[in-house]
Amino acid sequence: MNPNKGCEECPLNPAENLVRLGVKMDQHDFLVALAGNPNTGKSTVFNALTGLHQHTGNWPGKTVARAEGGFLYEKKRFKIVDLPGTYSLLSTSHDEEIARNFMLFGQPHVTVIVAEASRLERNLNLVLQILEITERAVLCLNLMDEARRHGIQIDTAKLSAELGIPVVPTAARQGEGLNALLKTIHDVAMGTLSCSPKRFQTGTSDLSEALTILVGKLEKAFPGLSNARWVALRLLAGDEQIIEAVRDGQLQSLAGANG
Amino acid sequence: MVEKRSDRERESILSTAASLRWEVGNDLQTSLMESIYQNASRISDQVVIADKSKARLAWEHRLEWLLTSRWTGFPIMFLVLAMVFWLTISGANYPSQLLSGLLIEQLYPVLKTFGADLHLPWWLSGLLIDGMYLALAWVVSVMLPPMAIFFPLFTLLEDFGYLPRVAFNLDSLFQKAGAHGRQALSMSMGFGCNAAGVIATRIIDSPRERLIAMITNNFALCNGRWPTQILIASLFVGALAPAGLASLVSAAAVVGITLLGIFLTFATSWWLSNTILRGEASTFSLELPPYRPPRILQTLYTSLIDRTVFVLWRAMVFAAPAGAVIWLVANVHFGGSTLAEHLIDLLNPFGVLIGLNGVILLAYVIAIPANEIVIPTILMLTVLSSGTPDLGHGAGVMFELSNNAAYMAVFKAGGWTLLTAVNLMLFSLIHNPCSTTLYTIYKESGSLKWTVVSALLPLLMGFLACYFVATLWQL
């Protein structure tokens with residue numbers, strides 16, 4: 001099927017460029033967030049990249065708080081944070097709050113969204129929500145082996161074009177596709193591979209008028225805020241946490257990073 | 001000035017947003033989510049090419065139905081758990097004997113000779129070798145083999161995807177008890193080791209429900225208590241039945257105690273959530289993951305490192321000083337007899353009142369660090385107090401016996417009856433958790449108060465249960 005498969009699975013291969021750093025992360029060049037639905041193999045991807053042995057298990061919700069680790073790739077130090085799995089970013093549960101706060105205020109350079117290939121539609125609900133708040137993201141289409149077993153094929157090039165971010169198919173349990181994932185994370189972080197996430201949310205004309213007003217005000221108060229549109233939408237939806245972030249100026253830190 | 005201006009600016013954003021919210025209507029959230037769902041569906045339709053014939057394998061459907069349906073889910077669950085226990089108990093037997101043969105029968109005399117060669121004073125060699133070393137040797141040989149079998153088996157079930165189905169089956173029962181459905185998982189872990197079970201409660205979000213899960217984890221009969229249950233059941237309960245049925249009857253007694261433990265988990269959770277930990281059970285969505293072939297080697301590695309070695313290390317840290325204490329109470333004399341004998345006399349009236357005796361109570365006090373050393377301590381203390389030293393290894397030395405007849409001789413000398421045996425089985429299930437577990441509860445909850453509750457509540461319940469049985473018995 002794939003002529004390079006043998007090489008990719010060979011544990012010696014990534015050693016050339018990849019140094020797993022475990023938890024030894026004093027300073028780093030890039031911060032990577034690992035997000036996704038529960039039980040899509042985020043922790044397996046995390047372990048494969050960092051060489052840590054974060055306990056993985058076949059049931060949703062076992063990553064309780066966030067786990068951190070690091071790796072060195074192409075002479076750059078990456079710090080990677082494994083976020084709890086969530087189905088949405090509406091912040092209705094503790095897990096969702098941890099994940100959303102980190103993506104909003106932790107200012108990761110790259111967000112890797114791990115999705116289960118066999119259940120793409122449901123996973124895309126979260127992917128689209130994450131793309132609303134982040135500029136630089138990579139979709140890791142994991143558990144490809146299971147998808148193949150179930151007779152599911154995915155046109156990754158088309159998916160990438162639809163979403164506006166790179167898509168990397170992997171089977172992390174078997175180590176398949178991890179090299180491509182590493183290279184993509186690296187390239188997105190360095191800016192050599194650009195992302196322009198598609199933002200679909202549309203609504204009535206009342207909404208777009210209201211949005212224009214609010215976005216204008218937000219951009220004036222928080223110069224350099226990159227996702228003003230998303231913040232405006234959350235304000236209109238009455239999201240308490242975002243209202244609070246505007247009130248106490250925490251939102252400024254978001255603007256600062258991009259300004 | 002600048003600060004003031006930006007404050008005003010922010011407040012003005014918020015008030016504008018509040019007034020605009022009226023214009024866009026309050027179904028904005030819903031319509032936004034709908035648009036996301038629509039786009040997700042549209043994109044996935046475009047990029048996914050599914051071979052419908054293989055969509056979801058037929059065997060998965062059938063398996064799902066078997067494991068979670070009303071009529072087959074529970075029997076299969078009990079069978080799987082019984083299988084795991086049986087594999088653990090029978091599989092651990094041989095390596096346990098091997099280890100105790102090595103550590104106790106071979107290394108122990110060598111150490112004693114070595115101590116004598118060094119001219120160690122008798123009390124120092126007693127404290128170090130008869131006390132600390134033997135306690136450690138016991139904990140390792142009794143605890144290591146079952147844990148090394150139980151945890152990997154459990155992790156394999158987890159990896160395969162069976163555990164979420166267990167939680168799914170038990171969810172409604174826990175909900176009725178006012179607890180979290182995921183408590184089913186921490187309870188199952190508790191059958192291996194309560195300390196590990198308490199750590200597993202981390203998967204429960206709500207602090208109230210997590211405390212309930214921690215406090216009641218003790219009712220899941222742990223590894224250290226299985227040997228006690230099996231030994232006493234086969235000596236006293238099994239002996240009541242005709243020879244052919246003896247092993248079946250004693251196995252049924254152990255299963256009965258286990259089921260009583262599960263019942264107490266629900267009852268106590270219900271009681272807690274209606275009294276001191278009042279509150280609604282929180283809902284949670286539990287997705288049943290696909291079945292995945294377990295990765296054997298990785299499972300062995302993580303379960304050995306994360307669970308077995310971790311738990312064993314903690315138990316050893318607590319067992320060594322306990323061994324010293326056990327040796328001391330049996331060897332410090334005053335007023336013509338040992339400290340242990342004084343304490344046994346002190347505890348005996350209360351012990352007899354609740355259908356036990358002073359020896360058993362004292363053993364449970366000084367063997368708090370690990371349930372594994374309860375039976376060896378009981379044997380040693382019984383021999384000490386009944387004055388039949390020819391049965392054991394000498395004063396203050398813990399020992400285990402090679403056959404049931406020898407055990408019976410010691411227990412007969414200690415004046416044991418069927419009531420003593422039944423109540424010991426009850427008390428072994430319902431008493432304070434071992435100090436390893438208590439320490440873990442303290443670490444996890446960060447609260448001294450709830451640690452004390454976790455210790456005293458089951459102890460009180462155990463006293464009451466034993467008293468109740470003893471009173472009924474003597475009618």
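The values are calculated or read from the model by the stated rules, or taken from the named source; none is laboratory data. None of the values given here were measured: they were computed from a predicted structure. Don't worry about glycine lacking a Cβ; one is built from the backbone with ideal geometry, like all the others, and counts go over all protein chains shown. Note: accessible area is taken over every heavy atom of the protein model, side chains too, but ligands, DNA and RNA are not part of it. Shrake-Rupley method; radii C 1.70, N 1.55, O 1.52, S 1.80 Å.
In the calculated pair-distance distribution of the protein assembly as shown, the portion above 50 angstrom amounts to 28 percent of the Cα-Cα pairs. How much solvent-accessible surface does B:Val24 expose, in Å² to the nearest 10, with a 1.4 Å probe and all protein chains in place? Looks like 20 Å² after rounding. Only aspartates and glutamates eight or more places from B:Lys176 in sequence, or on another chain, were considered; those with a Cα closer than 14 Å are B:Glu209, B:Glu280. Atom-type composition of the exposed protein surface of region A:205-258 places 49 percent of the accessible area on carbon and sulfur (1.4 angstrom probe). Carbon-plus-sulfur accessible fraction, chain B (probe radius 1.4 Å, protein heavy atoms only): 70%. Averaged over its residues, the protein assembly as shown has an accessible area of 43 Å² per residue, based on protein heavy atoms and a 1.4 Å probe.
Peptides B:457-467, B:405-415 ranked from most to least packed by the mean count of surrounding Cβ atoms within 10 Å: B:457-467, B:405-415.
The alpha carbons of region B:308-369 give a radius of gyration and a Dmax of 14.1, 45 Å, in that order.
Pairs spanning more than 22 Å between alpha-carbon atoms, out of A:Lys76/A:Lys158; A:Lys75/A:Lys183; A:Lys76/A:Lys183; A:Lys198/A:Lys220; A:Lys76/A:Lys198: A:Lys76/A:Lys158; A:Lys198/A:Lys220; A:Lys76/A:Lys198.
Rounded if a/c is under 1.5, else prolate if a/b is larger than b/c, else oblate: which is region A:205-258, with a ≥ b ≥ c the root eigenvalues of its Cα gyration tensor? The shape class here is oblate.
Relative contact order of chain B: 17 percent, from C-alpha pairs under 8 Å at least 6 residues apart in sequence.
If you sort B:Arg292, B:Arg202, A:Arg119, B:Arg8 by accessible surface, 1.4 Å probe, largest first, the order is B:Arg8, B:Arg202, A:Arg119, B:Arg292. Rolling a 1.4 Å probe over the protein chains gives A:Lys79 an accessible area of about 40 Å². Rolling a 1.4 Å probe across all protein chains gives B:Trp226 an accessible area of roughly 20 Å². Calculated translational diffusion coefficient of chain B (10 °C, 1.306 mPa s; Stokes-Einstein with Kirkwood radius over alpha-carbon pairs) equals 63 µm²/s. Here the contact order of region A:205-258, divided by its residue count and restricted to Cα pairs under 8 Å and six or more residues apart, works out to 39 percent.
Ordered from highest to lowest accessible area with the whole protein assembly present and a 1.4 Å probe, B:Tyr108, B:Tyr439, A:Tyr87, B:Tyr94 read as B:Tyr94, B:Tyr439, A:Tyr87, B:Tyr108. Return the calculated 222 nm mean residue ellipticity for the protein assembly as shown, to the nearest 500 deg cm²/dmol, obtained by summing -39500 (n - 2.57) across DSSP H runs with n ≥ 4 and dividing by the residue count. Computed mean residue ellipticity for the protein assembly as shown: -18500 deg cm²/dmol. Averaging over all projection directions, the Cα-based convex hull of region B:153-288 occupies 9.1 nm² in the image plane. The residues B:Phe168, A:Phe30, B:Phe150, sorted by heavy-atom accessible surface at 1.4 Å with ligands and nucleic acids left out, run B:Phe168, A:Phe30, B:Phe150 from largest to smallest.
Pairing chains B and A buries close to 5800 square angstrom of accessible surface in total, based on protein heavy atoms and a 1.4 angstrom probe. Among the DSSP helices (H) of chain B, those spanning at least 27 angstrom by Cα along their long axis with an average Kyte-Doolittle hydropathy of 1.0 or more are B:73-100, B:134-160, B:246-274, B:310-331, B:448-473; this is a geometric and hydropathy rule only. When its C-alpha radius of gyration is set against 2.2 N^0.38 Å (N residues), region A:137-259 gives a value of 1.37.
What do you get when you divide the Cα radius of gyration of region B:72-176 by 2.2 N^0.38 Å, with N the number of residues?
1.63
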